[in-house]
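Take a look at the structure set out below.
The values are calculated or read from the model by the stated rules, or taken from the named source; none is laboratory data. Just so you know, these numbers come straight off a predicted model, no measurement behind them. Methodologically, a virtual Cβ is constructed for each residue, glycine included, from the backbone with ideal geometry; neighbour enumeration extends over all protein chains shown.
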Amino acid sequence: MKNLMWLLQFALKAAIFFTLFAFALNNQHEAVVHFFFGTAWHAPLVLIVLVAFVLGVAVGVLGMVPRWWKHRRMAKRAQPATAPSTTTETVSTADTPHGI
């Protein structure tokens, strides 16, 4: 079962890779991105799409950073300030019910 799942995951990853590779090969034509004040960037279309994707991921990650920091602060406050004691108490098993 593990080998079958590994094979299916590998096949899915290979299919995604070859689909993106074919997309990149089919979009090598030069495209122009026009910025403000008459500036323009000439680059292959696949490079422009890749840069737009990376910028979108970066904006998403940067948008989540304050929330991550907030959760880290809350998690640190929830932890006990003192270290747990090293003494162990022995519990008698004769006094505890075992549910039978």
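In segment 22-47, how many residues are touching a residue at least 12 places away in the same chain (Cβ under 8 Å), surrounded by 10 or more Cβ atoms within 10 Å (Cβ to Cβ) and either part of a loop (DSSP other than H, G, I, E, B) or over 28 Å from the mean Cα position of the chain (by Cα) (or both)? Steps first, answer last, please.
The first filter runs over segment 22-47 and keeps only residues touching a residue at least 12 places away in the same chain (Cβ under 8 Å), leaving 23-24, 27-31, 33, 42-46.
Filter once more, so that each one left must be surrounded by 10 or more Cβ atoms within 10 Å (Cβ to Cβ): 23-24, 27-28, 30-31, 33, 43-46.
Cutting the leftovers down to either part of a loop (DSSP other than H, G, I, E, B) or over 28 Å from the mean Cα position of the chain (by Cα) (or both) gives us 27-28, 30-31, 33, 43.
Selection size over segment 22-47: 6.
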Notebook entry, point to check: Looking at segment 4-38, which of its residues are modelled with pLDDT under 85 and either of a type in the set (Gly, Ala, Ser) or more than 21 Å from PHE53 (Cα to Cα) (or both)?
Noted result: ALA24
